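Taking it in order: structure first as structure tokens, then the write-up.
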Amino acid sequence: MASRLWGSRAASYLRLSVFHRGFSSVVKDLKYADSHEWVKIDGNSAIVGITDHAQDHLGDVVYVELPEAGAAVNQGSSFGAVESVKATSDINSPVSGKVVEVNEELNSSPGLVNASPYENGWIIKVEMSDTGELNSLMDSEQYTKFCEEEDAKH
């Protein structure tokens, strides 16, 4: 019994140390959802992806399920999924609106989500229907604190 407890303690310690090593990668001018998606705002347009923290916890991404361009998305609702060697996770939209573009590169190179979560690994571009929704998202400092608190629980 004691060895199992030690094992889980070691695992959570290792997870934390990995987490802190990579944590410089929260990008300042983005907004974040508590489901670990980021959004980059340009006027009425929003680019959405999953955070470095999320891809780190998922492990190697092997498939990204993308919506169709023209699809409607709602804040907090799932629009696709990321499948990794460990698990499949829904991707939730941090904003409501219409998908105007999807990152077709992810069909042939899903690993871009791991290698470049904030740049080449973006997932969709959305024309926002309500920019006021951005007020409910976190800034980089709030998101960093959120991740630290969440990881401390696990």
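The values are calculated or read from the model by the stated rules, or taken from the named source; none is laboratory data. Keep in mind that this is a model prediction, so the values were computed, not measured. Virtual Cβ from ideal backbone geometry, glycine too; neighbours counted across all protein chains shown.
Numbers at a glance
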| quantity | calculated |
| --- | --- |
| Residue in region 65-78 that is assigned to a strand (DSSP E or B), closer than 21 Å to Leu30 by Cβ, charged (D, E, K, R) and in contact (Cβ under 8 Å) with a residue 12 or more places away in the chain present | no |
| Residue that is of a type in the set (Ser, Thr, Tyr) and closer than 17 Å to Asp52 by Cβ, where the choices are Thr144, Thr131 | Thr144 |
| Those residues of region 111-142 which are hydroxyl-bearing (Ser, Thr, Tyr), under 17 Å from Ile91 (Cα atoms) and in a helix (DSSP H, G or I), in sequence order | none |
| Test set (1) under 17 Å from Ser136 (Cα atoms); (2) surrounded by 16 or more Cβ atoms within 10 Å (Cβ to Cβ) - Lys28 fails condition number | (2) |
| Residue under evaluation Gly111, criteria (1) in contact with a Lys or Arg (Cβ under 7 Å, 6 or more places away or on another chain); (2) under 21 Å from Asp52 (Cβ atoms), criterion not met | (1) |
| Filter pass, Val100 being assigned to a strand (DSSP E or B), buried (at least 21 other Cβ atoms within 10 Å of the Cβ) and either on the phi < 0 side of the Ramachandran plot or modelled with pLDDT under 95 (or both) | no |
| Among residues of region 49-66, those that are more than 14 Å from Glu37 (Cα to Cα) and surrounded by fewer than 23 Cβ atoms within 10 Å (Cβ to Cβ), counted | 6 |
| Count of residues meeting criterion [in contact (Cβ under 8 Å) with a residue 60 or more places away in the chain and under 15 Å from the mean Cα position of the chain (by Cα)] in region 96-141 | 12 |
| Those residues of region 75-97 which are surrounded by 15 or more Cβ atoms within 10 Å (Cβ to Cβ) and over 14 Å from Gly59 (Cα atoms), in sequence order | Gln75, Gly76, Ser78, Phe79, Gly80, Ile91, Asn92, Ser93, Pro94, Val95, Ser96, Gly97 |
| Unmet requirement for Asp42, which otherwise passes all of (1) within 13 Å of the chain's Cα centre (by Cα); (2) surrounded by fewer than 17 Cβ atoms within 10 Å (Cβ to Cβ) | (1) |
| Any hit, region 59-82, residues being at pLDDT below 95, within 22 Å of Tyr143 (Cβ to Cβ) and of a type outside the set (Asp, Glu) | yes |
